[in-house]
Amino acid sequence: MEITNAEFVISNTDVTKCPGGTFPEYAFIGRSNVGKSSLINMLTGRKGLAMTSATPGKTMLINHFLINKSWYIVDLPGYGYAKRGQKGQEQIQRIIETYILQREQMTNLFVLVDSRHEPQAIDLAFIEWLGENGVPFAIVFTKADKLKGGRINSNIRHYLEKLHEQWEELPPYFVTSSENRMGRDELLGYIEQINKD
Ligand code: GDP
């Protein structure tokens with residue numbers, strides 16, 4: 001799929017204030033610093049669209065980006081950033097849960113995990129919660145350029161095996177790099193296919 005148009009629409013913390021209408025929404029989530037903003041910029045080909053920052057955990061906002069005037073990329077706040085403190089964490093969790101469970105336009109959630117790291121308890125717990133609630137999701141492995149070929153495959157296999165302990169059926173997954181655009185066509189092709197169905 002070609003992205004010919006990508007524009008920022010609105011940021012807010014209130015799900016009821018998200019844009020009206022029925023355009024499908026593809027939301028992106030992950031721990032702070034996982035590479036979410038970079039991925040959104042890479043997918044859309046717009047460098048400054050999502051704010052990348054050296055200060056992780058800063059934003060508590062739901063950001064809507066209108067793509068090709070027909071669907072949205074939704075940038076959800078990063079979870080699991082301890083420096084926000086307990087109250088901040090709970091607030092984020094409430095925003096995230098409300099969006100995911102109540103937003104009818106939410107078509108697929110992309111859960112980002114860093115391809116270099118061991119499966120993290122917080123991500124596994126989040127994925128389990130998605131499964132329990134019947135939320136359609138896919139996994140996106142990020143920063144694959146930081147690994148040598150063989151390591152990518154073994155890390156992904158290891159992650160999937162870990163998920164397999166919880167789930168009989170594995171979710172779709174994508175291996176990506178915002179540095180070299182790995183996985184871009186696959187991920188956008190996946191969205192295009194769902195939009196067609
Ligand atoms: P966010 O907090 O999840 O939005 O993460 P960012 O997109 O701001 O990225 C966090 C850091 O990881 C930044 O220093 C990025 O330059 C770096 N980064 C993000 N994606 C990649 C990638 O695919 N490859 C490499 N090498 N670095 C990345």
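In a shell of Cβ-Cβ distance under 13 Å around Leu76, excluding Leu76 itself, what net charge do Lys and Arg (+1) and Asp and Glu (-1) give? List each step's numbers first, then the result.
On the way: positive: Arg31, Lys36, Arg94, Arg103; negative: Glu25, Asp75, Glu97.
With Lys, Arg at +1 and Asp, Glu at -1, the net is +1.
Going by C-beta contacts inside 10 Å, put Ile156, Ile73 in order with the fewest on the left. Before the final figure, lay out each step's value.
Values: Ile156 18, Ile73 23.
By the 10 Å Cβ count, ascending, the order reads Ile156, Ile73.
For Arg46 and Asp14, calculate 0.36 nm times their separation in residues minus their Cα-Cα distance, and state this gained length in nm to one decimal.
8.9 nm
Quick check for the chain: number of Lys pairs with alpha-carbon distance under 16 Å, counting only pairs 8 or more apart or on different chains?
Summing the qualifying lysine pairs gives 7.
Please compute, over every Cα-Cα pair in the chain, the percentage with a separation greater than 29 angstrom. Don't skip to the answer; put the middle values down first.
Details: 3319 of 19306 pairs.
For the chain, the fraction of Cα-Cα distances above 29 Å is 17 percent.
How much net charge surrounds Ile100 when only the other residues with a Cβ under 14 Å from the Cβ of Ile100 are counted, with Lys and Arg +1 and Asp and Glu -1?
Working: positive: Arg94, Arg103; negative: Glu25, Asp75, Glu97, Glu104, Glu128, Glu132.
Local net charge: -4.
Note down the net charge around Pro119, summing +1 for each Lys or Arg and -1 for each Asp or Glu among other residues with Cβ under 11 Å from its Cβ. The partial results should precede the final answer.
On the way: positive: Lys162; negative: Asp114, Glu118, Asp123, Glu161, Glu165.
My count for the surroundings of Pro119 gives -4.
Is it possible to state the helix-based mean residue ellipticity at 222 nm for the chain, with each DSSP H run of 4+ residues giving -39500 (n - 2.57), the sum divided by total residues, to the nearest 500 deg cm²/dmol? What is it?
Numbers: 5 runs with 70 residues, N = 197.
Theoretical 222 nm ellipticity from helices: -11500 deg cm²/dmol.
If each of Asn153 and Gln91 carries a label point 7 Å out from its Cα toward its Cβ, how far apart are those two points in nm?
4.7 nm
How much of the DSSP bridge set in the chain is antiparallel, in percent, rounded to the nearest 5?
Numbers: 11 of 31 bridges.
The answer is about 35 percent antiparallel.
By how many nm would the segment from Ser70 to Lys162 lengthen if fully extended, with 0.36 nm per residue of separation less the alpha-carbon distance?
Working: separation 92, 0.36 × 92 = 33.12 nm, distance 3.63 nm.
That pair, Ser70 and Lys162, stretches by 29.5 nm at full extension.
Stretch Glu128-Arg103 to full length: gain in nm at 0.36 nm per residue minus the Cα-Cα span?
The span from Glu128 to Arg103 would gain 7.1 nm if fully extended.
If you average the sequence gap of Cα pairs under 8 Å that are 6 or more apart and divide by the length of the range 6-196, what percent do you get for the contact order?
23 percent
None of the figures in this text is laboratory data; all of them are computed from the coordinates on show. Everything numeric here is computed off the predicted structure, so don't read it as measured data. Counting neighbours? That spans all protein chains shown, and the Cβs are built from the backbone with ideal geometry, glycine included.
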